[in-house]
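Before any comments, here is the structure.
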Amino acid sequence: MTAKTVNYTPAMTSELVKAYSEKPEKATVEAFAIKFGKTVKSVVAKLSREGIYKKAEYVTKNGEKPIAKDSVADAIGNVLKMTEAETSSLTKANKSALEKIFIALVNSTPTE
């Protein structure tokens, strides 16, 4: 029976976990990939197995969390009391146009 090759020693793992816990950034992962002679994917996999890797969240060009076009269409449908079929047809429109329509509707709708 052959011995299993260890990719990361306990010392390497400890150092990596400590550094990433203090600074959970892509730069930290890249630095350790170079230091350990591993790929970035390998380091990410190790951090994932250790339970501390945080996936980068996608944000728009404006730095905001993205909203699905379907959600905007549903919101417009709710304001206008549209049927599901009517609302789903809105999703064919441009997202920025839908957002502008929703904002205009919300600003012009009297609150009860």
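The values are calculated or read from the model by the stated rules, or taken from the named source; none is laboratory data. Being a predicted model, the structure only gives us computed values, none of them experimental. So basically every Cβ, Gly included, is an ideal-geometry build from the backbone, and we count neighbours across all protein chains shown.
Going by the conditions given, is E30 loosely packed, with under 15 Cβ neighbours inside 10 Å and in contact with a Gly (Cβ under 7 Å, 6 or more places away or on another chain)?
Considered against the rule, which asks whether it is loosely packed, with under 15 Cβ neighbours inside 10 Å and in contact with a Gly (Cβ under 7 Å, 6 or more places away or on another chain), E30 comes out as no.
Out of segment 33-43, which residues are within 22 Å of the chain's Cα centre (by Cα) and either outside the structural domain of A19 (by TED's automatic domain parsing) or crowded, with 17+ Cβ neighbours inside 10 Å (or both)?
Hit for segment 33-43 is V43, nothing else.
Taking the residues in segment 65-92 that are part of a helix (DSSP H, G or I), of a type outside the set (G, A, S) and closer than 19 Å to N107 by Cα as candidates, determine which candidate is farthest from the chain's Cα centre (by Cα). So that I can check it myself, show each step before the final result.
Of the residues in segment 65-92, the ones part of a helix (DSSP H, G or I) are 69-80, 84-90.
Applying the additional criterion that residues be of a type outside the set (G, A, S) yields 69-70, 72, 74, 76, 78-80, 84, 86-87, 90.
Those still in the list that are closer than 19 Å to N107 by Cα too: 72, 74, 76, 78-80.
Working: V72: 19, D74: 22, I76: 25, N78: 27, V79: 29, L80: 31 Å.
That would be L80.
When segment 1-36 is examined, which residues are found to be out of contact with any helix residue (DSSP H, G or I) (no Cβ under 6 Å at 6 or more places or on another chain), among the polar types (S, T, N, Q) and under 16 Å from E50 (Cα atoms)?
Listed by number, the residues that qualify are N7, T9, T13, S14, S21.
Give S108, S42 a once-over and let me know the one that is at negative phi and free of Cβ contacts under 8 Å to residues at least 12 places away in the same chain.
The match here is S108.
So I52 clears everything in (1) surrounded by 12 or more Cβ atoms within 10 Å (Cβ to Cβ); (2) in a helix (DSSP H, G or I); (3) aliphatic (A, V, I, L, M) except one condition, right? Which one?
(2)
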